[in-house]
Amino acid sequence: MMIQPSADSPPVSIRRGTPADAAALAEFAARTFQESFGVMNDPVEVAAYLRHAYGPAQQEAELRDPDHVTLLAERDGELAGYAQLRRFPTPPCVTGPHPVELRRFYVDAPFHGRGLAQRLMGEAVSTARGLGFATLWLAVWEHNPRGIAFYRSSGFTDVGWQPFLLGAEVQTDRVMARTIQE
């Protein structure tokens, strides 16, 4: 269900996800991924990726995993966006100290241009810093100019590339990184 934000709507809150959020997150994550990339990719490959990456069991496992932190942005109990940090092997092109990956970052279309992405990024940076990390890195599809522009405006710079497997199709992600020390 998409929420149409309005001036008189309650503010969006951001909190840490729990395993009880798995089903709602699975639906939201699959939908926002499909809306963001579905029309630009082979539907068979997208469907295979969605089954692998966004099922309720997969989301529950990630929400329980101590190497993942998922932040949920909500308005009226409905998801408006999410960000996920993950301790993960860092690609060689990321050279900053104490790195952590910003694995996923999605804001629902009705909230684009309303400042939620900046708030959610701020929470992701603060959370990563609070966990003792000093470098935040991410991988973004090379054909996602809107995402690349947002990450650049958030202080990230392009440091290299890595492959991304969408179903059976190998694509190229740009790797971007920034320091998050105070």
- Query: What is the magnitude of the charge dipole of the range 77-182 about its Cα centre, with +1 placed on the Cβ of each Lys and Arg, -1 on the Cβ of each Asp and Glu, and no other charges, expressed in debye to the nearest 20?
  - Reply: 180
- Under the rule rounded for a/c under 1.5, else prolate if a/b exceeds b/c, else oblate, using alpha carbon gyration tensor axes a ≥ b ≥ c, the range 36-102 is classed as oblate
- Message: Over the chain, what portion of Cα pair distances is larger than 23 Å, expressed as a whole percent?
- Response: 41
- Note on the structure: Under 5 Å from the placed amide H of Trp161, counting only residues 5+ away or on other chains, we find Val175
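Figure the gain on full extension for Asp65 and Arg114 (residue separation times 0.36 nm, minus the Cα-Cα span) and round it to one decimal in nm. Mind dumping the intermediate values first?
On the way: separation 49, 0.36 × 49 = 17.64 nm, distance 3.12 nm.
Additional length available on full extension: 14.5 nm.
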- Message: Once you order the gyration tensor axes a ≥ b ≥ c over the Cα atoms, which shape class does the range 130-182 get: rounded for a/c under 1.5, otherwise prolate or oblate by comparing a/b with b/c?
- Response: prolate
- Item | Extended-chain gain in nm, criterion 0.36 nm per residue less alpha-carbon gap, Leu165 and His52 | 39.6 nm
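Let me make sure I get this right: for the range 87-169, a, b and c are the square roots of the gyration tensor eigenvalues over alpha carbons, sorted descending. Under 1.5 in a/c it's rounded, otherwise prolate if a/b > b/c, else oblate. Which is it?
Values: a/c = 1.76, a/b = 1.08, b/c = 1.62.
Oblate, since a/c reaches 1.5 and b/c is not below a/b.
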- Task: Treat every Asp and Glu Cβ in the chain as -1 and every Lys and Arg Cβ as +1, leave all other atoms uncharged, and give the resulting dipole magnitude about the Cα centre to the nearest 20 debye.
- Result: 460
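Nearest 20 debye, what's the magnitude of the dipole of the range 64-129 about its Cα centre given +1 on Lys and Arg Cβ and -1 on Asp and Glu Cβ?
Working: 9 positive and 8 negative charges, 40 e Å.
Around 200 debye, computed over the range 64-129.
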- Note on the structure: Diffing the range 47-52: the Karplus 3J(HN,Hα) column from phi (6.51, -1.76, 1.60, θ = phi - 60°), in whole Hz with x for Gly and Pro, holds 4, 5, 5, 4, 4, 6
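Roughly speaking, what is the stretch gain from Val44 to Thr179, that is 0.36 nm per residue apart minus the C-alpha to C-alpha distance, in nm to one decimal?
Details: separation 135, 0.36 × 135 = 48.60 nm, distance 3.74 nm.
Using 0.36 nm per residue and subtracting the Cα-Cα distance, I get 44.9 nm.
Every read-out reported here was derived from the displayed coordinates using simple, explicitly stated rules and does not represent laboratory data. Bear in mind the structure is a predicted one, so any value in this text is a computation, not a measurement. Using ideal geometry, Cβ is built from the backbone for each residue, glycine included, and neighbour counts are taken over all protein chains shown.
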